[in-house]
Ligand SMILES: CC(C)(COP(=O)(O)OP(=O)(O)OC[C@H]1O[C@@H](n2cnc3c(N)ncnc32)[C@H](O)[C@@H]1OP(=O)(O)O)[C@@H](O)C(=O)NCCC(=O)NCCS
């Protein structure tokens with residue numbers, strides 16, 4: 001049974017291993033993830049508690065929150081990283097979500113995503129944004145987001161590299177009634 005919980009500084013190497021093991025992230029991308037990890041994890045206590053961020057406050061670098069999915073043996077099987085998107089009204093970025101390649105299709109990603117969304121709803125977040133690549137080796141992420149109710153809302157052609165588009169997936173967290181109210185307020189046409 002997978003458990004979701006706080007990530008500690010001792011998990012840094014494991015996070016690097018999960019990302020490198022995925023074989024789809026460039027070294028610079030792994031470095032970015034580790035830099036975020038270092039800024040988010042409280043190195044004094046060695047513990048990061050995503051619950052500590054109790055409001056959607058003006059973003060700073062430490063607004064990144066990390067969550068871990070743990071096996072019954074307490075091994076880190078995967079992690080997610082998210083934050084309020086700077087200069088938006090309650091939009092949040094799902095910045096990373098990754099599961100150990102040997103533990104995929106066992107529900108860890110779903111458990112992580114459900115918990116991220118639960119926490120974001122608790123912060124009154126309105127919209128979750130996740131970006132991924134159009135490359136064939138990113139098909140797992142696209143299938144995963146679609147399976148969980150995310151919709152493709154934008155595509156920037158050749159963004160990452162020639163023939164490597166950036167696909168933006170979004171998911172509304174609020175109720176449909178609220179969404180309709182909001183659309184009406186903005187004069188948008190809804191179907
Ligand atoms: C995306 C990822 C996190 C999913 O984690 P996971 O633990 O394997 O996901 P789950 O087991 O919860 O899968 C839930 C559903 O997502 C969909 N899905 C997951 N992997 C998929 C794949 N390779 N192809 C198509 N659909 C997939 C399926 O509908 C799956 O349900 P099913 O297994 O009953 O068919 C994992 O594949 C991963 O780490 N990928 C590399 C990192 C990455 O690309 N992250 C996203 C961008 S940062």
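Every read-out reported here was derived from the displayed coordinates using simple, explicitly stated rules and does not represent laboratory data. If you're wondering where the values come from, they're calculated on a predicted model, not measured in any experiment. Virtual Cβ from ideal backbone geometry, glycine too; neighbours counted across all protein chains shown.
Overview of results
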item	result
Residue 156/residue 3 FRET efficiency (R0 30 Å; Cβ-Cβ; nearest 0.05)	0.25
Distance between modelled label sites at residue 102 and residue 75, nm, 7 Å Cα→Cβ extension	0.4
R0 of 25 Å, Cβ-Cβ distance residue 163-residue 39: FRET efficiency to nearest 0.05	0.15
Cα gyration tensor shape for region 59-135, rounded if a/c is under 1.5, else prolate or oblate	prolate
Contour minus Cα-Cα distance for residue 90 and residue 140 (0.36 nm per residue)	15.3 nm
Gyration tensor (alpha-carbon) shape descriptor, region 87-185, a/c threshold 1.5	oblate
